[in-house]
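Asker: Dropping a structure here in structure tokens format, bear with me for questions.
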Amino acid sequence: MEYPNLKAIINDVQFKFNKSLGQNFITDKNLLDAIVADSGVTDEDTVVEIGTGGGTLTRAIASVAKRVISFEVDKNLQSVLALSLQGVENAEVVFKDVLKMSDDALREIVGDSFKVVANLPYYITTPLVMRLLESTLDVKTITVMVQQEVADRFVAAANTADYAAITLAIQSAGSAYITRKVNRRMFYPVPNVDSAVVRIDVDRTKLQGEDKALIHRLIRSAFAMRRKTLANNLSVALDMDKQTVTDRLVAAGYPPMVRGEALTLDDYIKLSKLFA
Ligand code: SAM
């Protein structure tokens, strides 16, 4: 499939970039095809893209997927997309904010089961990934281009500075890995940060039979005040006496001053039983 010259189109229709919407587009065909290859999308997949931009990634996904539904909030891109997506029959652009849509509203447009591929505006990365992981829809994989530091957080190991509540939220619903690093010069216009592509293979059976709500609450509270001990954070979140919390942690084999960042997902599952 031929790739139209996005820079020329943007110039022709005099499109004005909106910096506050994180509009940094990819025009390099090799990179676009590589992201799609990383996502594992095949001609049997419906793909949801978030942030159509100039439609270059949309076109690359459409060249292998069964169907692409791409969400964009900036209606000013309509004139760009009319040209850049010309001749692409299996892609449709929806001018709506996915973050503001219910599962039912999303299901009506995209169906029950899909893969997600997106080059995300940086400010919605974490809420969007959380939104998808918590959704009742069958999201099979999430392949996203994110800021390098965010990618590091997604795949961090316990006891490192990057380890965060989002790391554990991802681990509890699947597994994540970085498929490639992308230099900032690959974007137009060039942003201030480098990026990386992360693929999350969703596995909803990971917390099957466990108290998911409590586990997520424990994780959120353990990282609420990073510098405080786990006992301190949990006593606030669970409204329990700090000594009682410490005694239970110690009885379960944890040091009294342990911090939330030292615990793995298995530890949080164990804690959910301790504090059920
Ligand atoms: N996919 C394109 C690419 O790879 O070149 C564009 C990527 S650009 C980083 C992100 C796009 O997301 C922008 O076009 C921006 O307008 C759009 N956007 C920002 N917030 C959004 C939201 N809440 N929902 C959907 N799209 C959004």
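Asker: Inspect all residues belonging to the stretch 153-163 and state whether any of them is under 14 Å from the mean Cα position of the chain (by Cα) and aliphatic (A, V, I, L, M).
Answerer: Start the filter on the stretch 153-163 by keeping residues that are under 14 Å from the mean Cα position of the chain (by Cα), which leaves 153-155.
Next cut, aliphatic (A, V, I, L, M) only: 155.
Checked the stretch 153-163: at least one residue is under 14 Å from the mean Cα position of the chain (by Cα) and aliphatic (A, V, I, L, M).
Asker: While we're here: Can you tell me which residue is most open to solvent (accessible area, probe 1.4 Å) among those in the stretch 120-170 that are touching a Gly at 6+ places or on another chain (Cβ under 7 Å) and of a type in the set (Ser, Thr, Tyr)?
Answerer: That would be Tyr123.
Asker: Okay, next question. Which members of the stretch 67-109 meet the condition of being open to solvent by less than 30 Å² (accessible area, probe 1.4 Å), more than 14 Å from Arg131 (Cβ to Cβ) and either over 21 Å from the mean Cα position of the chain (by Cα) or more than 10 Å from the ligand (Cβ to nearest atom) (or both)?
Answerer: Matches in the stretch 67-109: Val68, Ile69, Leu77, Val80, Leu81, Ser84, Leu85, Val88, Ala91.
Asker: Give just the number: which of (1) open to solvent by less than 10 Å² (accessible area, probe 1.4 Å); (2) within 11 Å of the ligand (Cβ to nearest atom) does Ala62 not satisfy?
Answerer: Here Ala62 meets the rest and fails (2).
Asker: List pairs: first in the stretch 1-22 and within 13 Å of Ser79 (Cα to Cα), second open to solvent by 100 Å² or more (accessible area, probe 1.4 Å) and in a helix (DSSP H, G or I), Cβ under 8 Å, 6+ apart or cross-chain?
Answerer: From residues that are within 13 Å of Ser79 (Cα to Cα), the pairs are Phe15/Asn76; Lys16/Asn76.
Asker: Specify the residue that is nearest to Thr179 (Cα to Cα); the eligible residues are those in the stretch 21-47 that are among the hydroxyl-bearing types (Ser, Thr, Tyr) and more than 9 Å from the ligand (Cβ to nearest atom).
Answerer: Ser39
The values are calculated or read from the model by the stated rules, or taken from the named source; none is laboratory data. In this text, all values refer to a predicted model and were calculated from it rather than measured experimentally. With ideal geometry, Cβ positions are generated from the backbone for all residues, glycine too; neighbour counts draw on all protein chains shown. Accessible surface is based on the protein model in full, side chains and every heavy atom, while ligands, DNA and RNA are left aside. Shrake-Rupley method; radii C 1.70, N 1.55, O 1.52, S 1.80 Å.
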